[in-house]
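Q: Dropping the structure in here first, questions after.
Please treat every number below as a calculation from the coordinates, not as lab data. Fair warning: this is a prediction, and the values are worked out from it, not measured in the lab. Positions of Cβ are backbone-derived with ideal geometry, glycine not excepted, and every protein chain shown enters the neighbour counts.
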Amino acid sequence: MNTMTETLHGAHEHAKFREMKEGTAEDWAIIGKEYREFAKGLPDRVLDHLKLLKGDFGGFPVCRLEHSLQTATRAHRDGRDEQYVVMALLHDIGDTLGSYNHPEVAASIIKPFVTDEIHWICENHGAFQGYYYFHFLGMDKDAREKFRGHPHFEACREFCEKYDQAAFDPDYESESLEFFEPMVRRVMERPLASMYAKVVDD
Ligand SMILES: [Fe+2]
Ligand SMILES: [Fe+2]
């Protein structure tokens, strides 16, 4: 272990095992405690990552952070609840790491904290957004039709129509990221239903 690593981690207790199968209750008490502390920092890590979208235009009229703020602002001003607004804010956060499947990245991040419908909207918004541009790229604008009949089809269509495809206006007055921060913190305060919820609760 080098000096830097010792400085970073030296103040913390460590589990003793070299392979997980050697783990003891004492080891896992240490790890569980660390996990609960680390989990509390999730909103900060998510907000920091969202900021990576700032200045990233990709040829669009507004940068990806402004698009995110504008999508969330439009949803908020239309009276959507906090889970929905936070989904709208984060729906493209996967653009940096999931360049070929960005909706799934955002959907995975919000999954423990939102309803099935809001998760589904996020996970599938890519195909529904395609209705507005896939044909310009030689793709099928009706790609969303494979989901026709799904209980959340209309909700996803509406998200894209009202908020996502509409959020590229350089003259729109979006709320700031600071405005949405408390919402992100409230929504991500604790998992609604997750295999990890019990660990956080203990
Ligand atoms: Fe997207
Ligand atoms: Fe988007």
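Q: Can you pull a Stokes-Einstein diffusion coefficient for the chain at 37 °C (0.692 mPa s), Rh from Kirkwood over Cα pairs, as a whole number of µm²/s?
A: 174
Q: Now for a separate question. Subtract the Cα-Cα distance of K146 and K51 from 0.36 nm times their separation in residues, and report this length gain in nm to one decimal.
A: 30.9 nm
Q: How large is the dipole of the stretch 23-114 about the Cα centre if only Lys and Arg carry +1 and Asp and Glu carry -1, each at its Cβ, rounded to the nearest 20 debye?
A: Roughly 260 debye for the stretch 23-114.
Q: For the stretch 139-154, take each phi angle, set θ = phi - 60°, evaluate the Karplus expression 6.51 cos²θ - 1.76 cosθ + 1.60, and give the result in whole Hz per residue in order, putting x for glycine and proline.
A: Along the stretch 139-154, the couplings run 10, 8, 5, 9, 4, 5, 4, 5, 9, 3, x, 5, x, 9, 4, 5 Hz.
Q: Still on this structure, please answer the following. When the expected Rg is taken as 2.2 N^0.38 Å, what fraction or multiple of it is the alpha-carbon Rg of the stretch 78-184?
A: So the stretch 78-184 has a normalised radius of gyration of 1.06.
Q: Same structure again: When only Cα pairs under 8 Å and 6 or more residues apart are kept, what is the percent relative contact order across the stretch 1-101?
A: Contact order relative to length: 16 percent.
Q: Quick one: if you stick a label point 7 Å off each Cα along the C-beta vector at R186 and E117, how many nm between them?
A: 1.9
Q: How large is ³J(HN,Hα), in whole Hz, for each residue of the stretch 15-28 in order, when computed from phi with the Karplus curve 6.51 cos²θ - 1.76 cosθ + 1.60 and θ = phi - 60°, using x for Gly and Pro?
A: Once rounded to whole Hz, the list reads 5, 9, 6, 9, 10, 4, 5, 8, x, 10, 4, 5, 4, 6.
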